[in-house]
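Trainee: Take a look at this one; I'll ask things after.
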Amino acid sequence: MYNNFEELSKACESCTKCGLCETRHNVVVGVGNPDADVLFIGEGPGENEDLQGEPFVGRAGKLLDKMLLAVDLDRNKNIYIANIVKCRPPQNRDPKPEEQEMCIEWLRNQVRIIKPKIIVCLGRISAQKLIDPNLKITKEHGSFIQKGNFLMMPMFHPAAILRNPNQKPEAFDDFLIFSTLSDCRKTNL
Ligand code: URA
Ligand code: SF4
């Protein structure tokens, strides 16, 4: 158990619990405001993230930032962004179930300290690990699902949107739904 976010991040930065530690350049712990109400969770670092030590800094990250900006969210202000696995899987392969299982304890600790109200799962890997192993992102993206103390929403992964630009309008709609409903909750409307 960690007392504060800094202590947790420091410990995570030197983690060697799974094989991904052998090929990584940096542990990508997360970025943002640890007091945020909203936590975004992706899959795992890609090449740029591994080199820079920050999540979502490549092309997909630029698109994510754009969609966030449209609903007044900003990684440097009012959200926190993390991943299921904190080290880059070689060649950007999917993180293996055992790697996810090893790493998820870091995320659990992050959630304990951040205490977000809403958790957005970016993409299939994140949504299946955190919401439901059988979740179909094409069907359930943009819907709020109550899980324990959290409202969870699966969304398309920004890298998937780049591969399928025809998903862009739906993806933007999800952000608008997210924004409207989360505002209503804040003001108890
Ligand atoms: N894709 C992810 O899932 N996470 C990142 O940090 C970058 C790309
Ligand atoms: Fe540790 Fe997670 Fe990195 Fe594996 S992926 S070495 S569990 S921080």
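The values are calculated or read from the model by the stated rules, or taken from the named source; none is laboratory data. The shown structure was predicted, so the numbers you read here are calculated from the model rather than taken from an experiment. Here the Cβ positions follow ideal geometry from the backbone for every residue, glycine too, while neighbour counts run over all protein chains shown. Areas reflect the complete protein model, heavy atoms only, side chains present, ligands, DNA and RNA absent. Shrake-Rupley method; radii C 1.70, N 1.55, O 1.52, S 1.80 Å.
Trainee: Considering only protein heavy atoms and a 1.4 Å probe, what is the carbon-and-sulfur percentage of the accessible area of the chain?
Mentor: Working: 4860 of 9880 Å².
Answer for the chain: carbon and sulfur cover 49 percent of the accessible area.
Trainee: DSSP H helices in the chain with Cα extent of 20 Å or more along the helix axis and mean Kyte-Doolittle hydropathy at least -1.0?
Mentor: Membrane-span-like by this criterion, though nothing is claimed about a membrane: 97-114, 168-186.
Trainee: Can you list which of the trypsin sites (Lys or Arg not before Pro) found in segment 34-92 are DSSP loop residues with at most 13 other C-beta atoms within 10 Å?
Mentor: On the way: sites: R59, K62, K66, R75, K77, K86; in loops: R75, K77, K86.
Within segment 34-92, the qualifying trypsin sites (Lys or Arg not before Pro) (loop, at most 13 other Cβ atoms within 10 Å) are K77.
Trainee: How would H25, H141 rank on accessible area, largest to smallest, probe 1.4 Å? Could the numbers behind the result be given before it?
Mentor: Details: H25 130, H141 30 Å².
The ordering from most to least exposed comes out as H25, H141.
Trainee: Let me ask something else. So with the 1.4 Å probe, I'd like the accessible area per residue for the chain, rounded to whole Å². Spell out each step's value before the answer.
Mentor: Numbers: 9880 Å² over 189 residues.
On a per-residue basis, the chain sits at 52 Å².
Trainee: Still on this structure, I have one more. Which entries of K10/K66; K77/K147; K17/K77; K136/K168; K62/K86; K77/K168 show an alpha-carbon separation above 28 angstrom in the structure shown?
Mentor: Working: K10/K66 30 Å; K77/K147 25 Å; K17/K77 31 Å; K136/K168 18 Å; K62/K86 19 Å; K77/K168 25 Å.
Exceeds cut-off: K10/K66; K17/K77.
Trainee: In percent, what relative contact order does segment 65-189 have, based on Cα pairs under 8 Å that are 6 or more apart in sequence? Intermediate results must be reported in sequence, preceding the final value.
Mentor: Values: 110 pairs, mean separation 26.0, N = 125.
About 21 percent, as a whole number.
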